[in-house]
Amino acid sequence: MRRTWQRVVVVGKWQKDQNQEQAHQARHGVNCKHTATDGIASAHTERETHPTMATRILITTDYLHPGDAVDELLREHDLAPVYSPFRGSRTLEERLSLFDGISGAILASEPVTTDMLASATSLQVIARSGVGYDSIDIPAATAHGITVCNAPGTNHHSVAELTIGLIIMTARHLADVSTAVRQGRWPREAGHELRGSTLGIIGFGPSGRATASLGVALGMNVLVSTAYPDRENTAVRFVDFDTVLRDADYVSLHTRVHHGTGTLISAPRLQMMKPTAVLINTARGSLVDEQALAQALLDGTIAGAALDVLESEPLPSDSPLQELDNVLITSHLAGQTVQARARAGLAAAQAVIDVLENREPAHPVDH
């Protein structure tokens, strides 16, 4: 199926009126209708000051829009944003042609595969509007001379706040209570205070540190497993990975995937946790063996889990997690606050600008 485009032409600070634009589209054969694939809108919005001359920047992050601060920053550097928001899936044809004529890209968590990069002949830089980059084939990008960047330090407070929110929801059974009240019941089940409980944190980057600070503020005992302990931080206790799993009431993941090491949270490691423990994952879906987790939740190996990230997103209809009432699942929202989005979008845009203007970007991940 041929991709359709919605085109808006902007010159300076004014926009042609609708009739002029429709006439322009008719002359150039542009179709403004939306197409859908598997119920997902695949319409693209392209805004170019000089359609045939400008350096085109693909933006698939769904919260970035024409006219926002990212759009304006790119245009100040004579770059033309092209919008194709990622909302779940694309056809094979759409994936292979996604980077056609594109010099730089700002992406959310959209998968970028070897075959996509092989056909991206003009692509120079990919910037993630976030921290994780597991969805991008980094070796393939490097082989094709494409710089990959991310935006660390832009959403760690948001991630930490949601992490603590998920812990509170599980400790007080808030999701179940809310559902029961709406069904006409009035549950009075006792929950657990966080003060005095043990929070175990795996990974001590920006989000791990921010979560630890909030845990300390709530009166929790905080254990941290990291390859880079901060010995000057006396508010937490640095221990090995197994100790965190064995002693924590809440185990929260804040690390990245290390290729070649396998799944971080596997069946044997779930067996090490307390039967009253809760696993929290706001980091990477691939850190957790979901089949093993589902079994551990089913047989009472651990008490519960709260997941903001999954191996496959959205949650598949046949996932073993679907039928469990002791797992709380949110839709990859940890970094999705107004403030974090603004910081991440601008950081990604600046990375694209730096690479295209032959400067070293602040956060390259491929070297």
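The values are calculated or read from the model by the stated rules, or taken from the named source; none is laboratory data. Because the structure is predicted, anything quoted here is derived from the model rather than measured. Note that each Cβ is placed from the backbone with ideal geometry, even for glycine, and that neighbours are counted across all protein chains shown. Each accessible area value is taken on the protein alone, full model and side chains, heavy atoms only, with ligands, DNA and RNA left out. Shrake-Rupley method; radii C 1.70, N 1.55, O 1.52, S 1.80 Å.
Quick notes on this one:
- Extended-chain gain in nm, criterion 0.36 nm per residue less alpha-carbon gap, V216 and Q291: 23.8 nm
- Based on Cα contacts under 8 Å between residues 6+ apart, region 151-289 shows a relative contact order of 24 percent.
- Accessible surface of region 150-219, 1.4 Å probe: 53 percent of it comes from carbon and sulfur atoms.
- The relative contact order of region 245-367 comes to 20 percent, based on Cα pairs under 8 Å that sit 6 or more residues apart.
- Within region 48-122, the proportion of Cα pairs with more than 16 Å between them is 49 percent.
- Placing pseudo-labels 7 Å out from each Cα toward the beta carbon at A118 and D134 gives an inter-label distance of 2.5 nm.
- Apportionment of accessible area to carbon and sulfur, region 245-295, percent (1.4 Å): 49 percent
- Of D71, D78, D230, D100, the residue with the largest accessible area leads and the full order is D78, D100, D230, D71 (1.4 Å probe).
- Label-to-label distance, nm, for residues given as V338 and D240 (7 Å Cα→Cβ offset): 4.8 nm
- Near I201, once Lys and Arg are set to +1 and Asp and Glu to -1 for all other residues with Cβ below 11 Å from its Cβ, the sum equals +2.
- Once the Cβ-Cβ distance of H77 and E161 is raised to the sixth power relative to R0 = 30 Å, the FRET efficiency obtained is 0.35.
- On a per residue basis, region 94-183 carries 39 Å² of accessible surface, using protein heavy atoms and a 1.4 Å probe.
- 5 angstrom amide H check on A127, placed H, neighbours 5+ away: A105, I106, L107, C149
- Fully extending the segment from A143 to A190 would add 11.3 nm, taking 0.36 nm per residue of separation and subtracting the current Cα-Cα distance.
- Portion, in percent, of the accessible area of region 77-140 that falls on carbon or sulfur, probe 1.4 Å: 56 percent
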